[in-house]
Each structure stands twice: as structure tokens, then as C-alpha cells.
Amino acid sequence: MATVTVVALILLGVALSNIKFQSNQSLLIGLYNSADTMGDQQAEVNKFARDLSDDPIRVANYRDFFAMNSEDYLNKSQEEFSGQTFYYLPTVMYDFFDQNSSFQKVTLNENSSKDSMVVTPKEIGGIRIKANKVRAEGLYYTVPLVDKTSLSNFGSVVVNVSPQRITQRFDKLSFNKSLQFLVLSDTGQIQYGYHLDERLRSKKLKNYWLGQDQQFISKDLRQSYFIKGLNMPGNRYIYTLIPKQDVYLKMIIWSAMIIGLAIAIELFLKWSFRWVFKYYNKELLWMTNSMTAISNGEINARLHVPRQAGEIRTLAEGINTMLDAIDKYVLQIYQLKLAQKDANLNALQSQINPHFLYNTLEYIRMYALNEGEDELAEVVFNFGSLMRNNISQETNVPLEQEFDFAEKYSYLYQMRYPDQVSYQYSIADEVKNVVVPKFIIQPLVENYFKYGLDLTKIDNAIHVSAIKESNECVIKVEDNGKGMSETAIKQLKDHLDSDIDTLMKNSKSVGIANIQARMQIKFNKEFDLDIYRNKYQGVTIQMSFKLR
């Protein structure tokens with residue numbers, strides 16, 4: 001619905017802009033089409049006027065046309081042009097009307113005559129009327145007649161034109177029926193109007209001059225119309241106009257249509273969504289009731305599973321599976337808590353024995369120091385530290401502490417075989433404080449001394465390291481002991497690939513499978529353990545996990 005609203009607003013903006021653009025285009029197209037037509041007609045009239053005053057003989061003939069009656073003018077024209085091309089003004093006028101069907105009347109004026117000759121296609125010889133009674137009406141073009149010999153004005157030609165060609169052009173502009181057109185004389189008289197409304201039919205629109213072009217459109221008209229104007233030759237002005245109320249009405253109609261359509265679509269969407277999701281609402285209500293019952297303590301309650309396949313059924317089955325898993329985990333946690341209570345009880349029962357043993361070991365260490373047996377004192381101190389670490393209750397320790405504990409364990413074995421065993425521990429500063437589960441290094445070192453130590457040689461060595469690579473902590477335990485066969489390594493890897501429950505069930509002691517299970521619980525899928533034969537013919541165990 002929001003998308004429909006946005007699209008409707010965009011369409012509304014485009015529609016309003018398009019209406020305004022079309023109105024402006026209508027004004028310009030109508031203006032320049034009419035200007036082209038009137039320009040062509042003015043050119044024809046100018047050519048006709050040049051033909052009348054082209055040479056002195058035609059000028060004299062023009063004056064005879066006014067000075068003589070029609071019979072004498074005809075005789076004189078025949079005498080003067082005997083043997084040459086016959087030039088007779090009524091014939092010229094006939095040809096002019098024949099070539100220009102839109103011209104309705106020609107009024108000829110001669111400065112020395114008090115009369116004017118009005119020529120029409122039906123009165124080709126002309127009708128003589130008093131010059132002061134001539135009235136220029138409608139659309140007309142006026143051209144002065146100039147004698148090229150003396151460069152003096154000897155008369156004028158006024159040609160009345162039918163506006164049919166202009167009207168036809170405007171009729172073709174069907175995309176805007178509100179378009180109006182008018183031609184004004186230099187005095188503000190309307191010579192021609194197309195589809196003018198009542199307001200524009202007044203005889204004069206000249207309220208004041210407007211701008212440098214001396215155009216006649218007043219302020220009140222510009223407030224009511226969109227207007228384009230052009231100054232034409234012969235001191236006339238043409239304008240195309242569109243009433244603003246028509247444009248605004250069209251905008252309102254389009255706005256109402258788009259907004260109404262958007263509202264109809266949104267109502268349809270609302271109704272259709274409500275109908276489509278009626279089934280989902282019903283199923284969700286069942287699910288909500290079941291969840292409420294479960295939250296109120298009914299742990300055996302389960303969600304209703306619809307018969308139809310779909311998202312609701314998948315969701316209900318998934319939630320029921322999750323609830324079953326939670327019940328299983330709750331049972332496991334309960335059993336683990338019982339086991340932990342038993343372990344705590346055993347620890348309390350045996351607590352007195354470690355304290356007695358610590359005190360005894362400390363007495364032995366002090367006695368060794370007093371007797372100068374520093375090496376023995378160091379062995380007793382490391383042994384006591386190992387025992388304290390073994391029975392401490394913490395489950396997670398810094399990696400540096402794990403390394404320190406394993407190193408003490410290695411020290412005790414080296415003291416047992418001083419000329420056959422060596423060890424090296426290295427830990428990068430960046431990973432010293434990384435928290436890991438307790439007992440993830442010492443069991444691996446113990447496995448080496450228990451199964452990998454080869455007492456037939458004197459170069460037994462083990463190297464334990466921890467570094468930071470990219471965003472991971474990498475721990476390696478490398479030795480050059482007896483090693484393992486490829487088959488044994490594969491079997492061990494297959495066992496380590498088991499799920500955590502299997503590893504925990506089959507790992508009663510703190511061994512490599514136990515380490516794998518606890519590290520996966522701690523770091524999830526971000527932990528990886530690999531075992532392989534190294535270049536020293538021994539075994540390398542590599543653990544890596546992402547740093548958090």
C-alpha cells in the first residue's frame with residue numbers, strides 16, 4: 001500500500017507536469033503555425049505590391065486605373081502595350097485571386113486620388129468608393145506602393161484575407177481544445193480570433209503598453225490566461241491563449257482520477273490481503289494460544305499442526321521439534337547437575353587429603369632446600385603445583401596458564417630422563433590472555449610421554465607453540481616420537497568427526513576426544529583439530545579457532 005501511494009504520487013507529479021508541458025507546447029505550436037501561415041500570406045501580398053510598382057510604365061498604368069473610367073483605361077492599356085505583353089490591371093487582379101484562393105478583397109489606394117478601388121473575385125474591374133469611407137475589417141495586410149524611380153510613395157494595397165487556413169491549422173491541434181488565438185492591429189483592434197471566449201471578444205484589449213515590445217495583453221488577462229505572443233511584420237501582434245482555469249480543471253480531474261485509482265487499489269489490496277491471510281490469522285491464533293499455555297507452565301503442550309502444507313505448518317512443526325529438544329536438554333542438564341552434585345560431594349570428602357598432601361610436600365621441599373638439594377626442591381614444587389591445578393574447580397583459564405601447567409608436567413618428565421628428553425614452549429603475546437577450557441594442552445603432552453616417548457634414543461623432543469594467524473589462534477603440539485600409522489590416524493580422525501554427544505559418552509577420561517568435545521562446545525564450528533605425521537616421523541596435533 002505504501003508502494004502504491006508512492007507510485008501514485010509520482011504519477012500525479014508526472015501527470016501535472018505533462019499537462020503543463022502540453023499546454024505550453026500547444027501555445028507555442030499554435031503561435032508558430034499561425035505565424036508561418038501569416039508570414040506566407042504577407043510574402044504573397046508583398047510580391048503583389050512589387051509587381052504593381054516594378055517599373056515606371058506599371059506605375060503610370062496604376063495611376064491611369066484611378067484617373068480614367070474602365071472603358072478609357074482599357075483602350076489606353078491596349079494602345080500602350082500594342083505588340084508587347086498586354087498589361088491590364090483587372091487581368092492582374094484576376095490572376096492574383098486565382099493563385100491565392102484565401103484572399104477575399106483587395107483595396108487599391110492612390111495618393112493623388114480621393115477614391116479607392118475595391119476589387120473582389122466577383123468585381124474584378126473594381127468598385128470605386130470614396131477613400132474616406134474605406135474601412136479595414138477582419139484579417140488584412142497593408143503594403144505601401146513605392147515608385148522605384150523617385151523612391152516616393154504613390155499609394156498602398158490593402159488585402160483582406162480569409163482566416164480559413166489559420167483556422168484549419170488550429171483545428172488540427174486536437175490535443176488542446178481550450179486553445180485560443182487572436183491577431184491584434186497596432187491600435188489594439190482584433191483582426192482575427194479563434195475560439196475566443198466572451199472576455200476576449202471586446203473590440204479593444206489595449207489597456208496599456210506592456211514591455212519593450214509594446215504588446216497589448218493586460219495584467220488581468222495574464223492572471224487568467226497562459227499566453228504566448230509574437231510581434232509580426234506590419235505592426236500586428238499575434239497571441240495564443242489558454243484559460244488557466246481549464247488547465248487547473250484538467251489537473252484537478254487527473255489528480256482525482258489518479259488519487260481515486262490509488263485509493264481503489266489500496267482498498268482492494270486491504271480486502272484481498274485480509275481474505276488471503278484469513279487462514280493464516282486462524283492458524284496463528286491457535287499457535288498463540290498454544291504458546292500462551294506453554295508459557296503458563298504446560299510444558300507438554302504442543303502447537304497445532306495444520307493439514308495443509310505451507311509456511312504455517314513448517315513453523316508449527318519446527319516449534320514442536322524445538323520444544324521436544326528443549327525437554328531433552330532440560331533432562332540432560334538435570335542429570336548433569338546431579339552428577340555435578342555427586343562430584344562436589346566426593347571433592348568435599350577428599351578435601352582433607354590434598355591439604356595434608358600439600359603440607360607434606362611443602363615440608364619435603366623446605367627440607368631439601370635446607371640440605372642444599374635445590375633440584376629436588378624444584379621437582380617437589382612443580383609436582384605440588386600440578387596437584388593444585390588438577391583439583392581446582394575452574395573450568396576456563398587463560399592460555400598462558402595452560403602452557404605453564406603443561407610445561408611443569410614436561411619438567412617432571414625431563415627430570416626423570418634428563419639425558420634423553422627435551423622440550424620447548426612458546427606462546428605469542430597476542431594469545432596469552434585467550435580464555436580456553438582447562439586441560440587442553442596437558443593431555444596431549446601426556447599422550448606423548450605415555451605413548452610416543454622412545455627410550456631407545458637420546459634426542460626425544462616435544463615442541464608446544466601458540467601463535468596468531470589472521471584472526472585465528474593456532475596451537476601446535478609437535479614431537480619426534482614413535483609416531484602413528486596412517487591407519488591409526490584415520491581411525492582417530494573418524495572418531496573425532498562424531499557428534500558431541502557420542503564424543504562425551506565414549507570419552508570418560510580427559511583425552512583428545514574430550515578436548516575435541518569441549519573445544520567444540522566452547523567455540524562451536526569455529527574450532528578445528530587436525531592430526532598428521534610430521535617431517536620428524538612423529539605426530540603433530542594442530543588446533544585452531546577464531547579469536548572473539
- Message: On the basis of being touching a helix residue (DSSP H, G or I) at 6+ places or on another chain (Cβ under 9 Å), surrounded by 13 or more Cβ atoms within 10 Å (Cβ to Cβ), modelled with pLDDT of 85 or more and closer than 30 Å to residue 141 by Cβ, does residue 205 make the cut?
- Response: no
- Task: Could you check, for the stretch 407-420, whether at least one of its residues is surrounded by fewer than 17 Cβ atoms within 10 Å (Cβ to Cβ), at pLDDT 80 or above, charged (D, E, K, R) and in a loop (DSSP other than H, G, I, E, B)?
- Result: yes
- Message: Tell me the residue from 267, 284, 303, 315 that is at pLDDT 75 or above and in contact with a helix residue (DSSP H, G or I) (Cβ under 8 Å, 6 or more places away or on another chain), please.
- Response: 315
- Message: Going through 74, 52, 12 one at a time, which residue ends up being in contact (Cβ under 8 Å) with a residue 40 or more places away in the chain, in the same structural domain as residue 241 (by TED's automatic domain parsing) and surrounded by fewer than 19 Cβ atoms within 10 Å (Cβ to Cβ)?
- Response: 12
- Message: Given the options 270, 244, name the one that is basic (Lys, Arg) and assigned by TED's automatic domain parsing to the domain that holds residue 39.
- Response: 244
- Item | Test: residue in the stretch 138-152 that is part of a helix (DSSP H, G or I), over 60 Å from the mean Cα position of the chain (by Cα) and small (Gly, Ala, Ser) | no
- Residue count for the stretch 50-108, restricted to those that are touching a Phe, Trp or Tyr at 6+ places or on another chain (Cβ under 9 Å) and either small (Gly, Ala, Ser) or part of a loop (DSSP other than H, G, I, E, B) (or both): 7
- Query: If you go through the stretch 101-111 one residue at a time, do you hit one that is modelled with pLDDT under 90, of a type in the set (Gly, Ala, Ser), under 60 Å from the mean Cα position of the chain (by Cα) and in the same structural domain as residue 41 (by TED's automatic domain parsing)?
  - Reply: yes
- Task: Can you run down the residue pairs with Cβ atoms below 6 Å, 6 or more apart or on separate chains, where the first is in the stretch 178-201 and closer than 17 Å to residue 232 by Cα and the partner is of a type in the set (Val, Ile, Thr)?
- Result: 181/240; 182/190; 183/238; 191/183; 192/183
- Given (1) over 22 Å from residue 122 (Cα atoms); (2) within 60 Å of the chain's Cα centre (by Cα), residue 57 misses just (2)
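The values are calculated or read from the model by the stated rules, or taken from the named source; none is laboratory data. Remember, predicted model here, so these are calculated numbers, not experimental data. In this analysis, Cβ positions are derived from the backbone assuming ideal geometry, glycine residues included, and neighbour counts consider all displayed protein chains.
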